[in-house]
Each structure stands twice: as structure tokens, then as C-alpha cells.
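Enquirer: If you scroll down you'll find the structure; I have some questions about it.
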Amino acid sequence: MKITFKIKLLVIALMILPIAVMFLSISTVGHLYLKSIYGDVGSINDYEQIGNPVDTLDSILRQEVDILHNLYDDQIIDNLNDKELDIINETLKERNTFLVVKKMNYIVYQGVEEMPMGLREQLPDADKNQGEVISYITSPDSYMIRQIDFQFSDGDAGAVYVVSYMGNVAPKFKSVAIALFFIMVMIFTLISGVLSVYMYWSFIRPIQSLKNGTTAIMEGNWDYKVQVDTEDELGELCESFNEMRDQLKQSMVKQLQDEEKNRELIANISHDLKTPITAIKGHVEGIMDGVADTPEKMEKYIRIIYNKANEMDGMINELSLYTKLNSNAIPYNFREVSIDEYMKDCIDELSEIDGLIIHYKNYCDESTKVTVDPEQLHRVVGNIITNSRKYNDKEVCEIDVHLKPVNDMVQISFEDNGIGISEEALPNIFNRTYRADEARRSMGGSGLGLSIAKKVIEEHGGTMWADSKLGVGTTIFFTVQMVQDNKEATTDV
Ligand code: ADP
């Protein structure tokens with residue numbers, strides 16, 4: 001249920017419920033109250049009558065009073081029809097009311113066995129001209145008296161009195177009002193209790209849970225999970241919060257790992273740089289001390305210094321490239337090229353390395369084109385081939401380069417007959433600064449070559465992996481994206 005809907009529901013509940021409950025309780029209690037005073041009140045409107053007992057009495061006696069009017073009002077009566085009066089009196093009794101009839105000053109009919117105290121004396125005299133008169137007696141008890149005048153056939157004035165006892169109206173009204181008040185308080189307490197519980201579960205609990213989540217993160221507890229119980233916007237917010245926490249946690253972990261790897265990289269690079277620097281320093285000192293005392297020795301020393309300086313230059317270049325690639329500072333210039341022509345060109349160029357033979361085989365269609373950055377891909381191919389040459393103990397380093405289509409990619413493999421890589425070392429060769437063993441440090445290189453190559457291939461949308469057997473050789477594989485519609489493509493190679 002959405003929050004907007006819940007709020008609407010709450011507002012409606014807050015507005016309608018108390019009013020409905022108020023009307024319901026007034027109606028129920030009011031009806032009971034009226035019934036307790038006047039007997040069966042039929043279809044009387046409780047809301048109007050409850051505050052006005054006199055009006056109520058008037059309404060509920062109306063029918064009988066009207067009958068009396070028809071019978072007596074402005075009539076000349078020979079003799080009283082007691083039976084009819086008895087029937088009306090019976091009905092009125094249920095409403096705390098009874099009839100009295102007077103002829104001149106004498107009571108000729110009374111609907112109660114014994115007249116209440118003081119009533120006889122205070123009943124007004126019959127007066128044939130008055131019509132219906134309402135009067136009240138308050139002492140010692142309260143009565144409301146309706147007087148309907150008529151005339152007896154002998155000329156005497158007569159009157160029918162409808163006498164209603166009012167003595168218990170006010171106290172009952174008071175006790176009903178008190179009862180009503182308590183019922184209302186109870187109902188309001190109940191409604192507000194139910195609404196509070198509803199508010200707590202719908203709004204307060206998820207917000208509290210979110211607050212606990214943020215506090216936990218502030219305190220460094222990345223494992224705290226916010227409970228999601230609702231399916232509304234707050235529930236969605238809690239879920240987004242949990243997702244955000246997961247992502248933050250992942251990036252924190254990655255950041256820590258990166259920092260650790262960077263520390264490792266710096267330590268390795270400084271260590272690697274130290275070796276050529278020590279060699280350069282040693283040979284320069286040799287020259288200064290006059291150890292290189294012949295032109296041949298001098299040339300040898302200078303060549304060593306030059307080679308070591310070149311080695312350092314290569315390391316620093318790779319490190320700088322690696323940093324740029326990682327910070328995406330190198331823009332890629334992707335083009336569609338014929339993979340066959342491109343690879344042939346690369347191999348021609350690299351075949352010039354001493355002691356290297358490359359066998360090339362293309363199993364793809366000759367017209368196959370791929371989308372690559374030629375310059376960056378050249379770096380990858382160069383790194384793989386120079387590694388094969390570098391880590392090779394044979395007289396001639398042989399490399400089989402194969403191209404074959406795999407789904408919408410071209411897979412390129414470089415299989416050499418080198419020293420191979422051990423099973424334990426193989427999964428790590430694409431890690432930064434990893435070298436299969438210490439002995440291989442002497443072969444130069446920064447240890448960043450394959451990790452740079454992998455990053456470049458991944459930026460091309462491809463993958464890179466290796467297969468190797470110690471003492472037998474190594475195969476490095478990578479894939480590049482094939483151009484789907486060769487007809488529209490243009491060849492740049
Ligand atoms: P390096 O600068 O040390 O050559 P690379 O990232 O290019 O760094 O290679 C990482 C490690 O993988 C190398 O130190 C080496 O141990 C191993 N390696 C890479 N290519 C080969 C190969 N063709 N034959 C044997 N070992 C290899």
C-alpha cells in the first residue's frame with residue numbers, strides 16, 4: 001500500500017471515525033435514554049429530541065393528544081366515555097402520563113389510583129373557552145399539564161388534563177450525559193490507540209530502522225541490514241538504503257584492496273628500480289676509480305650503463321601507462337580493421353626480434369573485420385610476443401599465432417615453446433607486478449605488461465586468459481569484437 005494512500009486513509013479515518021462514533025453513541029444512548037423515560041418512542045429523531053425533553057414529550061404524546069382533541073375540543077359532551085378514556089390512559093401510562101377530567105371544580109375521572117400530592121389543588125380550573133393550554137407544576141414534583149377544554153351538555157365547563165410526570169427527566173438526562181461522555185472518551189482512546197499502532201508500524205518503525213542503519217554505517221558497521229516490512233515508498237527507501245550500503249561496502253573493500261595493491265606496486269617498482277640503479281652506480285664508480293682502464297672495458301661499462309638506463313626508462317614508461325590506463329586518461333581510438341591484415345603487419349614487424357620464429361594461421365574469413373584501437377592492440381601483441389621470447393630457454397623461440405571465430409568474436413592465441421608457468425603461478429600472471437618467481441626478475445620488465453594488456457583487451461569488450469605447462473610452453477589467448485556487417489565497414493589497414 002502506497003504512503004499517499006495510507007495518509008488519505010488516516011485523514012479519512014481521523015475525520016470520519018470520531019464523527020461516526022459520536023453519532024452512533026448519541027443515537028444508541030439517546031434512544032435508550034428516551035425509552036427509559038417515555039417508553040417506546042418509535043421513530044423519534046434522537047439527535048433533535050435528546051437535548052429537549054419537553055419537545056420530545058410533546059411529539060410522543062401527539063397522537064393521543066390529537067385523539068383527545070377530536071373527542072373533546074369545542075364539543076358539548078353528554079356524559080364521559082370512560083372506556084375510551086381508559087384506553088387512551090393505558091397508552092399514556094407507559095409514557096409516565098395519565099389523564100384527569102374535571103367538571104367545573106370537581107374531578108370526574110382520574111387515570112391514577114391516587115392523585116400525586118399537591119396536584120389536585122394545583123390543577124387549573126376547567127374553562128370552556130381556552131382550547132389547549134399547557135402549564136407546569138413544579139412543587140413538590142414537576143408535571144407538565146395539557147388542558148383541553150370542552151362543555152358538558154348541562155352547561156358546565158369541562159376539561160381533560162394530560163398530566164406528564166417530568167420529575168425524572170433532568171437527573172436521567174444528567175446521568176445519560178455523563179455516560180455518553182465516558183463512552184466517547186473510551187471510544188476516542190480506542191481509536192487513537194489503534195491509529196497510533198498503525199502509524200508506528202507504517203511510518204515510525206521503518207524510519208527508526210533507517211536511522212539505526214545510518215548510525216550503524218557512521219559507526220563503521222557495514223553489515224547492518226535495515227528491516228523491510230512494508231511495500232510502500234518507505235519500504236522502497238529501506239531497500240534502496242540496503243542496496244546503497246552494499247555498493248558502498250563493495251567500493252570500500254575495493255578501495256582498500258586497491259590501496260593495498262598500490263602499496264605493493266610501489267614497493268615492487270622501487271625494488272625493481274634499485275637493481276639497475278645499483279648496476280649503473282657500480283659501473284660509474286668503476287669508471288671513476290679507473291677500473292675501466294682500456295677502451296674495450298670502457299665501452300663495455302658504458303654499454304651496461306646505457307642498457308640499465310633503458311631498462312629503467314621502460315619500467316617508468318610502463319608504470320606511467322598503467323596509471324593512465326587505470327584512471328582512464330588514455331583515450332581509445334576505435335576503428336574497424338581487417339584482422340588478417342592487421343595481425344600479419346604486427347607479426348612482420350615483431351619477427352625481426354632475434355631468435356624468434358612466428359607461425360601464423362588464420363581460420364577466420366579473410367575479410368573479417370574487428371573493432372579495435374590499432375595502437376593499443378599493437379602494445380598487447382608486442383607484450384605477449386616479447387614475453388614468449390623473454391621466458392624461453394630454447395635456442396629458437398617458436399610461436400604459433402592462430403585466429404579463429406568464436407560467436408561474434410575473433411579469438412587470437414599465441415602458443416610458445418618457452419619455460420612455461422607453474423600451476424600455482426598461472427592465475428596470478430595478470431595481476432599487477434606479479435612475477436612467476438624471483439629468478440625471472442633478472443629478465444627485466446616491470447611486471448605490469450600482462451595486466452596492462454588485459455585492461456586494454458577488456459576496454460575492447462574482449463577477454464584475456466592463459467594456459468601453460470611448466471617446461472613445455474605457454475599459450476596466451478584474447479578475443480576482440482567482430483564487425484557484424486562487413487559490407488558497410490571500411491578497412492583502415
Ligand atoms: P614482466 O614485465 O615481468 O614480463 P608481465 O606482466 O608481462 O611482466 O608478465 C608477468 C609474469 O608472467 C612474468 O613475470 C612471467 O613470470 C610470466 N609470463 C608471462 N608470459 C610468459 C610466457 N610466455 N612464458 C612464461 N612465463 C610468462
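Enquirer: Can you spot the aspartates and glutamates whose alpha carbon is less than 15 Å from LYS297's alpha carbon? Ignore those fewer than 8 places along the same chain.
Expert: Those aspartates and glutamates meeting the cut-off are GLU285, ASP289.
Enquirer: Once fully extended, how much extra length lies between GLU239 and LYS361, figured as 0.36 nm per residue of separation less the alpha-carbon to alpha-carbon distance?
Expert: Values: separation 122, 0.36 × 122 = 43.92 nm, distance 5.37 nm.
Extra length from GLU239 to LYS361 when fully extended: 38.5 nm.
Enquirer: Then there is this: Within the set of other residues whose C-beta is less than 14 Å from the C-beta of VAL284, count the net charge using Lys and Arg as +1 and Asp and Glu as -1. Don't jump to the answer; show the numbers that get you there.
Expert: Values: positive: LYS281, LYS297, LYS300, ARG303, LYS308; negative: GLU285, ASP289.
Net charge around VAL284: +3.
Enquirer: Can you run phi through the Karplus equation (6.51, -1.76, 1.60; θ = phi - 60°) for the range 465-473 and list ³J(HN,Hα) in whole Hz, with x for Gly and Pro?
Expert: 8, 9, 9, 7, 9, 4, x, 10, x
Enquirer: Right, another one. From the Cα gyration tensor of the range 102-148, with a ≥ b ≥ c the square roots of its eigenvalues, which class applies: rounded if a/c is under 1.5, or else prolate if a/b is larger than b/c, or else oblate? Before the final figure, lay out the partial values.
Expert: On the way: a/c = 2.01, a/b = 1.25, b/c = 1.61.
Oblate, because a/c is 1.5 or more while a/b does not exceed b/c.
Enquirer: For the chain, give the magnitude of the charge dipole about the Cα centre (Cβ charges: +1 Lys/Arg, -1 Asp/Glu; no others), in debye to the nearest 20. Present the calculation step by step, with values, prior to reporting the outcome.
Expert: Numbers: 47 positive and 77 negative charges, 320 e Å.
Here the chain has a charge dipole of around 1540 debye.
Enquirer: Ok, one more. Note down the net charge around LYS2, summing +1 for each Lys or Arg and -1 for each Asp or Glu among other residues with Cβ under 14 Å from its Cβ.
Expert: Residues near LYS2 contribute -2 overall.
Enquirer: Going toward the positive end of the dipole of the range 101-255, with +1 on Lys and Arg Cβ and -1 on Asp and Glu Cβ, which of TYR143, PRO124, VAL197 do you reach last?
Expert: Among TYR143, PRO124, VAL197, the one farthest towards the positive end of the dipole of the range 101-255 is VAL197.
Enquirer: Helix 449-459 versus the longest principal axis of the chain: what angle, 0 to 90°, nearest 10, using Cα atoms?
Expert: Tilt of helix 449-459: around 50 degrees.
Enquirer: Starting from one equal scatterer on each C-alpha and no solvent at all, send me the Debye-based log10 I(q)/I(0) for the chain at q = 0.09, 0.11, 0.13 Å⁻¹, two decimals.
Expert: -0.87, -1.01, -1.19
Enquirer: If you take every residue apart from GLN376 with its C-beta less than 13 Å away from the C-beta of GLN376, what net charge results, scoring Lys and Arg +1 and Asp and Glu -1?
Expert: Working: positive: LYS324, ARG335, ARG379, LYS454, LYS455; negative: ASP373, GLU375, GLU458, GLU459.
For residues surrounding GLN376, the net value is +1.
Enquirer: Same structure again: Counting only the heavy atoms of the protein chains, how much of SER175 is accessible to a 1.4 Å probe, in Å² to the nearest 10?
Expert: The accessible area of SER175 comes to roughly 70 Å².
Enquirer: Right, next: If I model a spin label at SER27 and THR278 as a point 7 Å from the Cα along the Cα→Cβ vector, what separation in nanometres do I get?
Expert: For SER27 paired with THR278, the spin-label model returns 10.1 nm.
Enquirer: Return the aspartates and glutamates within reach of LYS249: Cα separation strictly under 18 angstrom, same-chain partners fewer than 8 residues apart disregarded; answer none if there are no such residues.
Expert: Once the sequence-local aspartates and glutamates are set aside, what remains near LYS249 is GLU219, ASP223, GLU239, ASP258, GLU259, GLU260.
Enquirer: Now for a separate question. Only bridges with both residues in the chain count here: give the DSSP antiparallel percent, nearest 5. Don't skip to the end; give the middle numbers.
Expert: Details: 52 of 61 bridges.
That works out to approximately 85 percent antiparallel.
Enquirer: If you don't mind, another one. May I ask you to derive the relative contact order of the chain, considering only C-alpha pairs under 8 Å and at least 6 residues apart, and to give it as an integer percent?
Expert: About 10 percent, as a whole number.
Enquirer: Something else about it: What distance in nm separates the simple spin-label points at HIS271 and PHE5, each placed 7 Å from Cα in the Cβ direction?
Expert: Here the modelled spin labels are 6.4 nm apart.
Enquirer: A follow-up question, please. With no solvent and one equal point scatterer per Cα, compute the Debye intensity ratio I(q)/I(0) for the range 246-326 at 0.11, 0.15, 0.23, 0.24 Å⁻¹ and report its log10, rounded to two decimals.
Expert: -0.47, -0.67, -1.02, -1.06
Enquirer: If you don't mind, another one. Between SER192 and ASP354, 0.36 nm times their residue separation minus their Cα-Cα distance comes to what?
Expert: Numbers: separation 162, 0.36 × 162 = 58.32 nm, distance 9.12 nm.
Extra length available between SER192 and ASP354 comes to 49.2 nm.
Enquirer: If you line up the long axis of helix 53-72 against the longest principal axis of the chain, both from Cα atoms, how many degrees apart are they, to the nearest 10?
Expert: It works out to around 40 degrees.
Enquirer: Rank these by accessible area, largest first, 1.4 Å probe: ASP229, ASP373.
Expert: Working: ASP229 95, ASP373 10 Å².
Of ASP229, ASP373, the descending order of accessible area is ASP229, ASP373.
Enquirer: I've got another one for you. Report the gain in length on full extension from ASN105 to ALA179: 0.36 nm times residue separation, minus Cα-Cα distance, nm rounded to one decimal.
Expert: On the way: separation 74, 0.36 × 74 = 26.64 nm, distance 4.50 nm.
Contour length minus Cα-Cα distance gives 22.1 nm.
Enquirer: Using a 1.4 Å probe and counting only protein heavy atoms, arrange TRP465, TRP222 so the residue with the most accessible area comes first. Before the final figure, lay out the partial values.
Expert: Numbers: TRP465 90, TRP222 55 Å².
From most exposed to least exposed: TRP465, TRP222.
Enquirer: 222 nm [θ] for the chain, helices only, -39500 (n - 2.57) per DSSP H run of 4+, per residue, to 500? Display every interim value, and only then the final one.
Expert: Details: 12 runs with 249 residues, N = 493.
It lands at -17500 deg cm²/dmol.
Enquirer: So who's got an amide H within less than 5 Å of the one on ILE419, skipping anything under 5 residues away but keeping other chains? H placed 1.01 Å off N, in plane.
Expert: Placed amide hydrogens put ASN392, ASP393 under 5 Å from ILE419.
Enquirer: Could you check how much of the accessible area of the range 63-212 is carbon and sulfur, as a whole percent, using a 1.4 Å probe?
Expert: Values: 4910 of 8510 Å².
The value for the range 63-212 is 58 percent carbon and sulfur by accessible area.
Enquirer: Further question: Output the peptides 272-281, 287-296, 409-418 sorted from most to least packed, where packing is the average of other Cβ atoms within 10 Å over each peptide's residues. Don't jump to the answer; show the numbers that get you there.
Expert: Working: 272-281: 15.8, 287-296: 10.7, 409-418: 21.2.
Those peptides, ordered most packed to least, come out 409-418, 272-281, 287-296.
Enquirer: For THR323 and HIS378, what does the FRET efficiency come to when R0 = 22 Å and r is the distance between their Cβ atoms, rounded to the nearest 0.05? Please list the in-between numbers first.
Expert: Details: r = 20 Å, r/R0 = 0.92.
Given R0 = 22 Å and the Cβ-Cβ separation, E is 0.65.
Enquirer: Can I ask one more? With all protein chains present, how much of the accessible area of the range 235-357 (probe radius 1.4 Å) comes from carbon and sulfur, to the nearest whole percent?
Expert: Numbers: 4530 of 8140 Å².
Whole-percent figure for carbon plus sulfur exposure: 56.
Enquirer: Hey, another quick one. With every protein chain left in place, what is the accessible area per residue of the range 245-346 in square angstrom, probe 1.4 Å?
Expert: Values: 6830 Å² over 102 residues.
I get 67 Å² per residue for the range 245-346.
Enquirer: Right, something else. Reachable lysines from LYS103, Cα under 17 Å, same-chain residues fewer than 8 places away excluded?
Expert: LYS128
Enquirer: Give me the one-decimal nm value for the distance between modelled label points at VAL291 and TRP201, 7 Å along each residue's Cα-to-Cβ direction.
Expert: Reported label-point gap for VAL291 and TRP201 is 8.7 nm.
Enquirer: Could you tell me how many degrees, from 0 to 90 and to the nearest 10, lie between the Cα long axis of helix 205-218 and the main elongation axis, the longest principal axis, of the Cα atoms of the chain?
Expert: Computed tilt is about 30 degrees.
Enquirer: Would you mind checking the pairs LYS390/LYS455; LYS254/LYS404; LYS274/LYS469; LYS404/LYS469 and listing those with alpha carbons more than 24 angstrom apart?
Expert: Long pairs (Cα-Cα over 24 Å): LYS254/LYS404; LYS274/LYS469.
The values are calculated or read from the model by the stated rules, or taken from the named source; none is laboratory data. As the structure is a computational prediction, the values presented were derived from the model and not from experiment. Using ideal geometry, Cβ is built from the backbone for each residue, glycine included, and neighbour counts are taken over all protein chains shown. When the accessible area is computed, the model is the full protein with side chains, heavy atoms only, and any ligands, DNA or RNA have been set aside. Shrake-Rupley method; radii C 1.70, N 1.55, O 1.52, S 1.80 Å.
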